[in-house]
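Let me begin by presenting the structure, written as structure tokens, before commenting on it.
What follows is calculated from the coordinates using simple rules that are stated; it is not laboratory data. Computed from a predicted structure; not experimentally measured. Methodologically, a virtual Cβ is constructed for each residue, glycine included, from the backbone with ideal geometry; neighbour enumeration extends over all protein chains shown.
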DNA sequence: CTGAAAGCGCTTACAG
DNA sequence: CTGAAAGCGCTTACAG
């Protein structure tokens, strides 16, 4: 299958390449009807398909954006990514997803790789350890949007959950149901990521507002492999928590595994709320109360922000966007 | 940030563009040490990043493959896709994922789009309705691999589950546990997709082998929205099935929702097995017996098949690859 | 050991 | 209304 180029079409239609190109780009302003027709016939006869790579080189735009996620295992990530793809697709943009696996080194590699591929912009769930690189892109006014996390001192706009509110929603629900001994677990991340920090802080503030003393041993931040042993310890304290807030979906799953393994009952032995509305929450037994993030809206907002930056070329307001969580009351508390 | 090109590097290092290009491509065969050093210094000083679009145009290879999935909502799809990405990443290939949403029209659009973008090959979970297009790619010896489904008469190699064995595993487990009234549900697809057909056939054969009569009303294939009402009908037959095989993850989830909604108990009121080892199977209550597909192996195989086709340029054996399912015995039967 | 030149397949001022 | 020419940033025979 030898590739047919714009030159072949031009020859076939007996016009110049320029004219074919005009036609292909729908700039028919002054184009004669017969010319149009001849070109169209030639295109069909030869089965011409444009070469977007060549176009991209000339136009310096690939109509493609890159998305670098910190960790694809989170349900949040998958859903946000899907929303980003949807929005981009509507604007005829393609999307290349890369998973940095919480590794700043991989993240750096992907940023360079994607820029070498001339993607028009980047949505990053930042690991946080590549400040210089972020700053350099900002200085070069290369379009970038952060997702889920923000970085103090780096003026890249970010799309975020209103984390303190998310935690408050959960904790106050526990309190309303009469719980006072409330613990919280998150996955530890060496790099100080926004959600973890804000959620732990929100946890403390909400307890304070409700005049509940804060027990530091009720707050756990560890790697997901250590969650089981930490839970074991936590629940064997003299006064163990009677309710647990799982800081994200992975923590929730580990908690449920632990509970099942130990034959505990929810909510009688342990009440549970998870941040992130996991797929099985509604039909689990018992169904799980969660704090849902508006993942679709967030992805959409991020994509739109980026596409605006790309298309307008002008500076968009660089402030972050906060999104509202929703409490999904079910049977686990 | 004006872009720095190979010409700038050449000027800075006081050599020709050709030499810089050689250096960049590690063809140092005859390159002087000082030349190398000068180029390297220039690259660093200018912060040169290659433009892969330009390279791709010349080399006629983008080091990118396209993956068109029929329906991204299946867990199977997500996992296979991730494996594909892993393998490609190791070979320095990028991946563009597109979701055809079970729509042959969208599928066609994506095939054309991706080829226009000059991807080096395609992995397709085919909807089945674009035979002409598939055949044209085959005729043009454009590298394509099918996943999950195969098409009779189209000689494109496919990576598949050993579907009849998967069903046999499940049905025989039911039988061993003493069940005789065994139903099966799959999502209907107008386009006759391999897994559905093979699974229903396998179901019938296995019953036959066990000398269990086949009740046609026990076999349901409908859109996922109609599953609830179909289940309702099915379980209100005079002699309703006592065990159900869910043909994929989405069917399983609908079944579990129904069961929970009606307050039924698994396995006492209804025994359940699902094909696809869903994330929550192990910690659901009761834990769910499933037939696991080796998703990672399958994705890996598909990606390797395709990369071989791309890199060797020679014809690879075009026969399909079948993969072995595994029964994960848990508490739902 | 290195450089000049052609070319990948497009687009885009500009001239007529 | 249409075409000739230059150029996007690379790579690659080929000459020396």
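Ratio of chain A's C-alpha Rg to 2.2 N^0.38 Å, to two decimals?
Here the answer is 1.29, to two decimals.
Let me know the volume per residue of the alpha-carbon convex hull for the stretch A:214-333, in Å³.
137 Å³
Going by how many other beta carbons lie within 10 Å of each one, how would you line up A:131, A:27, fewest first?
A:27, A:131
Between the label point of residue A:44 and that of the same position in each other copy, find the distances and list them shortest first in nm, with every label point placed 7 Å from Cα along the Cα-to-C-beta direction.
Listed shortest first, these distances are 6.0 nm.
From the helices alone, meaning DSSP H stretches of at least four residues, give me the mean residue ellipticity at 222 nm for the protein assembly as shown, per-run term -39500 (n - 2.57), in deg cm²/dmol to the nearest 500.
Helix-only estimate at 222 nm: -13500 deg cm²/dmol.
On a 0 to 90 degree scale, rounded to 10, what angle separates helix A:33-46 from the longest Cα axis of chain A?
70 degrees
Please report the antiparallel percentage of the DSSP beta bridges confined to chain B, to the nearest 5.
Approximately 10 percent, going by the DSSP bridge assignments.
How big is the stretch A:1-144 by Rg and Dmax over its Cα atoms, in Å?
Taking only Cα atoms of the stretch A:1-144, I get Rg and Dmax of 20.3, 60 Å.
From other protein chains only, count the Cβ atoms within 10 Å of every residue's Cβ in A:114-123, then give the mean.
Averaged over the peptide's residues, the number is 3.
So what are the stretch A:13-94's ellipsoid semi-axes, whole angstrom, largest first, if each one is the square root of 5 times an eigenvalue of the alpha-carbon gyration tensor?
Each semi-axis is √(5λ); the values are 39, 12, 11 Å.
Dividing the Cα convex hull volume of the stretch A:84-188 by residue count, how many Å³ per residue is that?
For the stretch A:84-188, the hull spanned by Cα atoms encloses 136 Å³ per residue.
Quickly rank B:262-271, A:284-293 as a protection proxy: mean count of other C-beta atoms within 10 Å, highest first.
Packing proxy ranking, top to bottom: A:284-293, B:262-271.
Return A:304, B:26 ranked ascending by Cβ neighbour count within 10 Å, so the fewest neighbours appear first.
Ordered by Cβ neighbours within 10 Å, fewest first: B:26, A:304.
Using only Cα atoms and rounding to the nearest 10 degrees, what angle (0 to 90) does helix B:295-312 make with the longest principal axis of chain B?
Helix B:295-312 and the main axis of chain B meet at about 40 degrees.
What nm value, rounded to one decimal, do you get for the distance between residue B:45 and residue A:37 when each label is placed 7 Å out toward the C-beta?
Between residue B:45 and residue A:37, the label points sit 6.2 nm apart.
Measure of size requested: the Rg and Dmax of the stretch B:6-50, with Cα atoms as the atom set and Å as the unit; please supply both.
Answer for the stretch B:6-50, Rg first and Dmax second: 9.1, 25 Å.
Residues of B:73-84, mean number of Cβ from any other protein chain within 10 Å of their own Cβ, rounded to a whole number?
If you average over the peptide's residues, the count of other-chain Cβ atoms is 1.
Per-residue counts of other Cβ atoms within 10 Å, averaged by peptide: what ranking do you get for B:90-102, A:219-231, highest first?
B:90-102, A:219-231
Just to confirm the number: angle between the C-alpha axis of helix B:194-209 and the first principal axis of chain B, 0 to 90 degrees, nearest 10?
40 degrees
For the protein assembly as shown, what is the percent of antiparallel DSSP beta bridges, rounded to the nearest 5?
Counting only bridges with both partners in the protein assembly as shown, antiparallel ones make up about 10 percent.
Evaluate peptide B:48-59: per residue, the Cβ atoms of other protein chains within 10 Å of its Cβ; return the mean as an integer.
Mean shielding count: 5.
Express as a percent, rounded to the nearest 5, the fraction of DSSP beta bridges in the stretch A:184-333 (both residues included) that run antiparallel.
20 percent
Write down Rg/Rh for the protein assembly as shown, rounded to two decimals, with Rg from the C-alpha atoms and Rh from the Kirkwood relation over Cα pairs.
Rg divided by Rh gives 1.01.
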